[in-house]
Amino acid sequence: MYLSSGEAKKLELIRLILEQKKLWILDEPYNHLDDLSIDILNQTFIDHINNDGMIIFTSHFNPIINNLETLDLN
């Protein structure tokens with residue numbers, strides 16, 4: 001059985017949520033996700049931050065999340 005890239009990414013993110021770590025460090029979390037999954041991921045990020053979590057991630061995608069601090073490395 002093989003998983004698509006999007007399915008594998010979703011499983012990685014679910015594992016991260018279940019581990020209940022305060023700090024999430026992610027590389028390109030939006031890659032291979034469809035629009036609905038992106039919306040769910042954004043809400044998951046918001047929920048994690050609202051529960052005193054912190055997220056550091058790299059991305060070529062510019063998510064719509066309030067109070068997002070960005071660092072442009074261009």
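The values are calculated or read from the model by the stated rules, or taken from the named source; none is laboratory data. For clarity, every value in this text was computed on a predicted model and none was experimentally measured. Every residue, glycine as well, gets a Cβ built from its backbone with ideal geometry; the counts of neighbours run over all protein chains shown. Just the protein is used for accessible areas: all its heavy atoms, side chains included, with ligands, DNA and RNA removed. Shrake-Rupley method; radii C 1.70, N 1.55, O 1.52, S 1.80 Å.
Data table
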{"read-out": "Qualifying residue in region 48-62 (condition: hydrophobic (A, V, I, L, M, F, W, C), at pLDDT below 90 and assigned to a helix (DSSP H, G or I))", "value": "no"}
{"read-out": "Among the residues listed as ILE56, ILE65, the single one being open to solvent by less than 100 Å² (accessible area, probe 1.4 Å) and out of contact with any Leu (no Cβ under 8 Å at 6 or more places or on another chain)", "value": "ILE65"}
{"read-out": "Close pairs from region 10-23: first closer than 9 Å to HIS48 by Cα, partner surrounded by 12 or more Cβ atoms within 10 Å (Cβ to Cβ), Cβ under 7 Å, at least 6 apart", "value": "ILE17/THR44; LYS22/GLY53"}
{"read-out": "Test for GLN43: is it open to solvent by 80 Å² or more (accessible area, probe 1.4 Å), of a type in the set (S, T, N, Q) and either touching a His at 6+ places or on another chain (Cβ under 8 Å) or at pLDDT below 90 (or both)", "value": "no"}
{"read-out": "Yes/no for PRO29 being of a type outside the set (Lys, Arg), in contact with a strand residue (DSSP E or B) (Cβ under 7 Å, 6 or more places away or on another chain) and part of a loop (DSSP other than H, G, I, E, B)", "value": "yes"}
